[in-house]
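So the structure is just underneath, and the comments pick up after that.
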Amino acid sequence: MKVIIAIDESPYCKRVVETIAARKWPQDTAFKIMSVVEPIRWDEVETQNLAKEAFNRRKKMADKVCLESKEIIESKHPDCNIHMDVREGNARHEIVDAAIEWMADKILIGAHGHDLCDRFVWGGVSRAVAVKSPCSVEIVRPRALHPRHEKVEAAAEKKADATLAHK
């Protein structure tokens, strides 16, 4: 089975990847963790150098997020093959193109990322991929925690942060 996991740099992404990693997958599953860095619109920046610098920073962040996601999945599924693919272009098109090129059986994509305005105007990347994809698409939402569990998790994170600050 070939599965594309489409991610972005949003904080929500890590929870999506952890949710996917927690599932049972066949040993022969091949994952392709991919992120797409969209081009900078020239009207957003004053100079070409700033645009190039901002784009390179975003590409570096996409590489980092893919690598961290790969490590999360490898820790839970060491027998599966995991590839990374960071592309440049329009996320909607690049994810669908990757599915065609790689002959993917499934695409897993988060319910939302950092593209808020675009999602309301155009329907979002996940919706566009679901409509245009040549294979099954699953829009992944991390399991919602009961409010009591969220408080316990927040307290544990705060304690961990305090411990790191004292070191």
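We did not get these values from a lab; they are worked out from the coordinates using the rules stated. Please read these numbers as outputs of a predicted model, since none were measured by experiment.
The Rg/Rh ratio for the range 1-85, using Cα coordinates for both the radius of gyration and the Kirkwood hydrodynamic radius, is 1.10. A cut-off of 5 Å between modelled amide H atoms, ignoring neighbours fewer than 5 places along the same chain, links SER136 with ILE107. Using 0.36 nm per residue and subtracting the Cα-Cα separation, the extra length available between GLU53 and MET1 on full extension is 14.9 nm. Residues whose amide H falls under 5 Å from that of ALA111, counting only those 5 or more places apart or on a different chain, are VAL140, with hydrogens built in the peptide plane.
Between VAL37 and ARG87, GLU88, GLY89, the built amide H atoms are under 5 Å apart, and every one of these is 5 or more places off in sequence or on another chain.
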